[in-house]
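Some notes on the structure that comes next.
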Amino acid sequence: MSDIERLRLVATVARTGSMNVAAQVHGTSQPSVTRAVAATEKMLGFELFERGSGGTTPAPGALHALAVIERVVAGLDELRGLGGSSRSTIRICRTATVSLPDYLEGRITRWNRAHEVQVEQCIVDDPVAVLRSGECDLAVVHLTGPMLEGVETQVVRALGRAGRVELLNRPAPSERVAAFLKYLG
């Protein structure tokens with residue numbers, strides 16, 4: 001397994017808080033994820049996660065390292081997209097505090113394995129503004145109030161009284177974005 005593949009697994013563990021979920025998302029075994037995390041921790045020289053009955057949480061002082069890992073993975077995805085004259089990625093923006101629901105993370109991973117057009121995540125301060133400006137194709141946001149005007153929404157996680165996590169896109173999405181949204185169902 002390459003270093004970047006290990007970093008992808010570590011980033012998914014950080015986002016999902018579970019090595020089992022990370023294994024499901026990437027279509028691999030839980031022991032493979034555990035080995036990838038251990039190899040990354042050995043390479044870095046410090047622990048990234050604390051494991052417990054409640055799941056996997058970032059170790060004290062590891063948040064900065066996990067944010068750098070997320071940027072490295074996103075940066076590589078962006079570099080891969082520079083190869084052609086047409087944009088070969090679908091960008092999903094979110095804030096650092098809103099994680100993708102497990103099923104969406106898994107669908108993205110499976111899409112990326114099967115399609116030339118890759119879906120990449122980016123962390124931004126205001127995903128709605130980035131979506132409206134055209135700098136990303138989709139946005140994942142946590143909403144507690146009414147639907148937003150000027151965007152189409154799809155609820156991807158209901159949080160009860162705490163609101164809902166929604167996947168947003170601009171009206172009349174491009175063919176590649178429409179194909180991805182259809183794939184999501």
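Within the range 1-59, which residues are β-branched (Val, Ile, Thr) and part of a loop (DSSP other than H, G, I, E, B)? Of everything in the range 1-59, just one residue is β-branched (Val, Ile, Thr) and part of a loop (DSSP other than H, G, I, E, B), namely Thr28.
Going through (1) open to solvent by less than 60 Å² (accessible area, probe 1.4 Å); (2) modelled with pLDDT of 90 or more; (3) farther than 29 Å from Leu138 by Cα one by one, Gly52 falls short only on (2). Among the residues of the range 112-129, those that are open to solvent by less than 20 Å² (accessible area, probe 1.4 Å) and either over 13 Å from the mean Cα position of the chain (by Cα) or closer than 18 Å to Ile69 by Cβ (or both) comprise Glu120, Cys122, Pro127. Applying the condition of being in contact (Cβ under 8 Å) with a residue 40 or more places away in the chain and over 20 Å from Ile108 (Cα atoms) to the range 1-49 and asking which residue is least open to solvent (accessible area, probe 1.4 Å) yields Asp3. Inclusion of Glu70 among residues that are within 18 Å of the chain's Cα centre (by Cα), open to solvent by 40 Å² or more (accessible area, probe 1.4 Å) and modelled with pLDDT under 90 is not warranted.
Only strands (runs of 3 or more DSSP E) whose full extent lies in the range 98-185 are considered here, and the ones with at least 1 residues that are within 21 Å of Val25 (Cβ to Cβ), without any contact (Cβ under 8 Å) to a residue 40 or more places away in the chain and touching a strand residue (DSSP E or B) at 6+ places or on another chain (Cβ under 7 Å) are 152-158, 164-169. When the range 87-97 is limited to residues that are part of a loop (DSSP other than H, G, I, E, B) and open to solvent by 40 Å² or more (accessible area, probe 1.4 Å), the one that is modelled with the highest pLDDT turns out to be Thr97. The residue that is nearest to Leu44 (Cα to Cα), counting only those in the range 1-28 that are basic (Lys, Arg) and at pLDDT 85 or above, is Arg6.
The values are calculated or read from the model by the stated rules, or taken from the named source; none is laboratory data. None of these values were measured; they are calculated from a predicted model. Here the Cβ is made from the backbone with ideal geometry for all residues, glycine too, and neighbour counts use every protein chain on show. The area values use the complete protein model at the heavy-atom level, side chains included, leaving out ligands, DNA and RNA. Shrake-Rupley method; radii C 1.70, N 1.55, O 1.52, S 1.80 Å.
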